[in-house]
Amino acid sequence: MKTYRVGYLIGSLARESINRKLANAMFKLAPEQLEFHEISFSELPLYTYDYDDDYPEAGRRFKKAIEDSDAILIVTPEYNRSIPGALKNAIDWASRPWGTNSFANIPSGVIGTSPGAIGTAVGQQHLRSVLGFLNSPQMNSPEAYIQFRDGMINEAGEIADDSTAKFLRNYLNEFHQFIARVLTVLPRGA
């Protein structure tokens with residue numbers, strides 16, 4: 001089977017982000033046909049169209065990293081029932097200048113964790129709306145709103161709970177199949 005290069009964005013800039021911990025643990029459960037690489041956006045300044053005529057190097061690198069990926073997975077917290085500001089800023093950089101949307105036709109998935117009982121459900125819905133506008137085909141099911149609990153990830157950085165590990169393994173298998181389906185219909189570079 002074909003191997004897919006999956007760029008992932010961690011919605012939190014915090015060094016000890018539980019979403020980063022979740023990403024690193026769940027990638028250990030992924031099908032071997034998915035190769036994950038982080039696309040950092042910590043160097044991006046706040047977006048303004050004043051940059052459009054002379055895009056800074058950080059913006060060009062970020063856009064290229066999105067475009068060089070076969071798919072994008074966003075692992076994000078929810079801030080105030082919405083998208084973290086730094087993540088939204090990064091998405092704005094990737095979609096500009098007008099007519100150069102880096103997310104177009106790139107399959108995407110969204111997952112996140114939070115200490116709260118509803119996980120990141122509301123923030124994910126806002127993010128899905130933005131990705132829809134950017135013409136990024138989205139895996140809509142299964143949805144993944146993970147409540148982060150003490151002991152969910154063990155000292156070795158693995159998912160310690162068997163039912164959570166099973167769910168995440170299934171999620172990543174479904175994401176793999178989704179990428180294959182989308183890229184069959186919308187092949188990269190076509």
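Given H placed 1.01 Å from N in the peptide plane, which residues other than close sequence neighbours of Leu34 have an amide H under 5 Å from its amide H?
Tyr4
On average, how much area does the Cα convex hull of the range 27-109 cover when viewed from any direction, in nm²?
Projected area, direction-averaged: 6.4 nm².
Could you state the number of Å between the C-alpha centres of the range 43-93 and the range 101-128?
14 Å
Please work out how much accessible surface Ser42 shows to a 1.4 Å probe, ignoring ligands, DNA and RNA, in Å² rounded to 10.
For Ser42, solvent-accessible area is about 80 Å².
Round to the nearest 10 and give me the degree value, 0 to 90, for the angle of helix 57-67's Cα axis relative to the longest principal axis of the chain.
Once rounded, the angle reads 60 degrees.
So what are the radius of gyration and Dmax for the Cα set of the chain, in Å?
16.1, 51
Modelled label-to-label distance, Asp54 and Val122, 7 Å Cα→beta-carbon offset: nm?
For the pair Asp54/Val122, the computed spacing is 4.2 nm.
Residue by residue through the range 48-55, what is 3J(HN,Hα) from phi via Karplus (6.51 cos²θ - 1.76 cosθ + 1.60, θ = phi - 60°)? Round to whole Hz and write x for glycine and proline.
Taking θ as phi minus 60°, the curve returns 8, 5, 4, 7, 4, 6, 8, 4 Hz for the range 48-55.
May I ask you to rank Leu46, Leu13, Leu73 by accessible area, largest first, using a 1.4 Å probe over the protein chains only?
Result of the area sort, largest leading: Leu46, Leu13, Leu73.
Using modelled backbone amide H atoms (1.01 Å from N, in-plane), which distant-in-sequence or interchain residues come within less than 5 Å of Ile74's amide H?
The answer is Leu9, Gly109, Val110, Ile111.
How much FRET efficiency would the formula 1/(1 + (r/R0)^6) give for Asn89 and His37, where r is the Cβ-Cβ distance and R0 is 22 Å, rounded to 0.05?
The formula returns an efficiency of 0.60 here.
The values are calculated or read from the model by the stated rules, or taken from the named source; none is laboratory data. Not measured: the values here are computed from a predicted model. Cβ atoms come from the backbone with ideal geometry, glycine included; neighbour counts cover every protein chain shown. What goes into the accessible areas is simple: the full protein's heavy atoms, side chains included, and nothing from ligands, DNA or RNA. Shrake-Rupley method; radii C 1.70, N 1.55, O 1.52, S 1.80 Å.
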